[in-house]
Amino acid sequence: MRFTQMAKLITEELNKTSDIKIDMCLNSKMANAIELWSMMYRNESPWVNNKTVFSANLPASISSEVARLVTLELKSEVAGSVRADYINGVYKKTLANLRQYTEYGCAKGGLIFKPYVAANGVQVQYIQADCFFPIAFDTSGNITHCTFVEQIRRGSKIYTRLEIHQLNGRQLKITNRAFLSTSDAVLGSEISISDVPQWSELQYEVVYDGVKKLPFGYFKVPLANTVDDNSPLGVSVYSRAVPLIKEADKRYSNISWEYEAKEAAVHIASTLLKYSKENDKFEYPGGKERLYRALEYSTGATDKPLLDVFSPEIRDASLFNGFNNQLKLIEFNCSLAYGTISDPQLIEKTAEEIKTSKQRSYTMISDTQAALQNALEDLIAAIDFWATIYNLAPMGTYETSYTWDDSIVVDAEKERKQDMADMAAGIMRPDEYRSKWYGETQTEALKNLPQPDVKDAMM
């Protein structure tokens with residue numbers, strides 16, 4: 001079912017049982033945008049028909065590169081107690097696949113890290129932006145009311161489960177409602193949640209007191225929402241480049257057509273070919289149908305030769321240049337450094353332009369890292385919440401550490417070599433160098449410096 005259609009059906013269904021009218025914060029304009037970003041990411045942009053316009057697969061490439069830069073060399077762990085060790089065991093599984101799910105979040109504007117309790121302990125579900133439906137946020141931008149959707153198809157039957165989370169003050173209510181339909185156009189009639197074997201162990205409604213936040217982490221891309229500036233939802237990393245990506249796909253298609261249209265061929269008089277009555281077609285030399293094109297020369301060989309080679313010049317340089325310039329526009333609008341998806345060899349820049357370009361990318365990546373860290377903090381708190389509810393590990397405190405890579409702007413190897421040169425020249429002290437590159441305090445650095453050999457000292 002289309003995302004926009006599901007949002008409409010959920011709103012209508014919730015209003016049937018609500019005392020007050022529910023207005024989903026996900027309006028039709030925002031829902032349409034999320035649906036478009038999802039289609040673009042799946043290489044199904046509405047302007048791509050695979051006949052005259054082909055996809056250059058830019059949305060997935062952009063999302064993948066941002067996710068790679070964000071999670072590059074990330075190190076994080078939870079420590080401090082037995083409870084912390086339990087949380088860390090669950091958390092490690094999330095970190096193992098974090099780049100992949102961050103890519104989904106970057107493409108569609110957001111991602112939910114939602115822990116749940118299974119037979120083997122706490123597991124984490126990753127819900128993409130086109131599979132959850134936020135209804136309300138608080139003044140701090142935290143979700144306070146939302147619906148998650150899960151569907152199961154059995155033949156012509158469609159089972160839909162709405163998992164509704166609502167926070168009222170410090171009270172959390174989670175409701176599971178199931179529906180049966182034979183059409184994607186409707187949710188269908190409501191049935192008991194126990195009627196579906198996969199959901200039979202779920203309770204219709206549970207209530208928990210003393211809850212500060214909904215038990216999941218919400219990662220959203222830290223860009224201003226230009227689709228709906230009143231919406232607290234995140235937007236895709238390529239949300240500001242949609243028209244530019246459309247034009248880039250057209251230019252890419254023009255390049256493909258240029259190579260196909262200018263493909264070398266030999267125009268040959270059909271009288272030189274042997275006609276096969278059995279196959280009802282001309283037989284080309286050695287099966288070279290792609291090379292030879294049969295033509296009728298009605299004026300005879302005196303006016304035109306029986307063989308004519310077609311091999312025009314290909315305008316690939318100018319077309320590639322236009323395509324590359326379009327990629328640079330996309331990079332700028334996606335806050336990426338020049339050369340990220342464009343050809344870096346075709347970019348002429350001054351040192352200051354290079355620095356500005358890298359700083360633009362660095363700011364985007366560092367902001368996204370901060371947003372992802374907030375989501376992971378909420379995920380860890382949610383794991384702790386369920387561990388307490390189901391008594392999965394002894395109570396205890398925990399601390400979380402994060403180390404993010406900053407090599408987008410800082411060339412660590414180059415900087416280290418420069419520091420070594422400064423130390424050799426007497427500009428930098430050895431203890432300063434050791435403190436900086438070995439993560440030691442000044443006192444530890446002085447203590448750990450190699451001591452001079454006694455014989456050398458006496459000479």
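The values are calculated or read from the model by the stated rules, or taken from the named source; none is laboratory data. It should be emphasised that the depicted structure is a prediction, and the values quoted were computed from it without experimental measurement. Here the Cβ is made from the backbone with ideal geometry for all residues, glycine too, and neighbour counts use every protein chain on show. Ligands, DNA and RNA are stripped out before the accessible areas are found, and what is left, the full protein with its side chains, is counted by its heavy atoms. Shrake-Rupley method; radii C 1.70, N 1.55, O 1.52, S 1.80 Å.
Annotation: residue 131 carries an accessible surface of approximately 60 Å², with a 1.4 Å probe and no ligand, DNA or RNA atoms counted. Treating each Cα of the range 34-128 as one equal point scatterer and applying the Debye formula with no solvent, the log10 of I(q)/I(0) at q = 0.11, 0.12, 0.23, 0.24 Å⁻¹ comes out as -0.45, -0.51, -1.14, -1.19.
Normalised per residue, the accessible area of the range 67-136 is 38 Å², obtained with a 1.4 Å probe and no contribution from ligands, DNA or RNA. One chain, two ends: residue 359 and residue 2. Fully extended at 0.36 nm per residue, the span grows by 124.7 nm beyond their Cα-Cα distance.
Applying 0.36 nm per residue to the separation of residue 79 and residue 399 and subtracting their alpha-carbon distance, the gain on full extension is 114.7 nm. Past the 15 angstrom mark, what percentage of all C-alpha to C-alpha distances in the range 176-237 do you count? Value for the range 176-237: 71 percent of Cα pairs lie more than 15 Å apart. First compute the accessible area of the range 1-134 with a 1.4 Å probe, then give the percent of it belonging to carbon and sulfur atoms. C and S fraction of accessible area: 48 percent.
Which FRET efficiency value, to the nearest 0.05, is calculated for residue 200 and residue 49 with the Förster distance at 60 angstrom and r the Cβ-Cβ distance?
Taking R0 as 60 Å, the efficiency between residue 200 and residue 49 is 0.85.
Summary of packing: across the peptides 198-207, 8-17, the per-residue average of other C-beta atoms within 10 Å ranks them, highest first, as 8-17, 198-207.
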